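Engineer: Next up is a structure, given as structure tokens.
The values are calculated or read from the model by the stated rules, or taken from the named source; none is laboratory data. Here the structure is a predicted model, which means the values were calculated and not measured. Protein only, heavy atoms only, side chains kept; ligands, DNA and RNA dropped before computing areas. Shrake-Rupley method; radii C 1.70, N 1.55, O 1.52, S 1.80 Å.
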Amino acid sequence: LIDTGAPAAVRVRFYNPEASQPNFIKERVLLQGQWGSITDEDEQSFIYEILVNGITEIKPWLRSFGSSCEVLAPNQLRREMIAEWKEIAAYYEPVREDL
């Protein structure tokens, strides 16, 4: 699938794994997200920014980071990701009330 939508500036905060050396989150972002850039970082996290043509293609990649990734912009992408995680969480709710 190639997204030819409107250009979108995506801004994401990636959280570093606790007490993990090497930092596999950052290494993966540097390897797979080479068209973007890391713009700000501290001990807990770093900001990754990239300009994409539509947000459809980047969503699965971002989703694959799970709780190590927080979409900051654009707001539409953030809202879509939140909705998807809520839907996924609902799949794992107990079926019976006594669980």
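Engineer: Once you keep just the Cα pairs under 8 angstrom separated by 6 or more residues, what percentage relative contact order results for the chain?
Structural biologist: 35 percent
Engineer: Of the accessible area of the chain, with the probe set at 1.4 angstrom, what percent is carbon plus sulfur?
Structural biologist: Taking all protein chains in place, the chain shows 53 percent carbon and sulfur surface.
Engineer: Calculated from DSSP H runs of 4 or more alone, at -39500 (n - 2.57) each and per residue, what is the 222 nm mean residue ellipticity of the chain, nearest 500?
Structural biologist: Helices in the chain give a 222 nm mean residue ellipticity of -9500 deg cm²/dmol.
Engineer: At 0.36 nm per residue, minus the direct Cα-Cα distance, what do Leu72 and Gln34 gain on full extension? Give it in nm, one decimal, please.
Structural biologist: Gain on stretching Leu72 to Gln34: 11.8 nm.
Engineer: Taking a probe of 1.4 Å, how large is the accessible area per residue of the chain, in Å²?
Structural biologist: Per residue, the chain has an accessible area of 71 Å².
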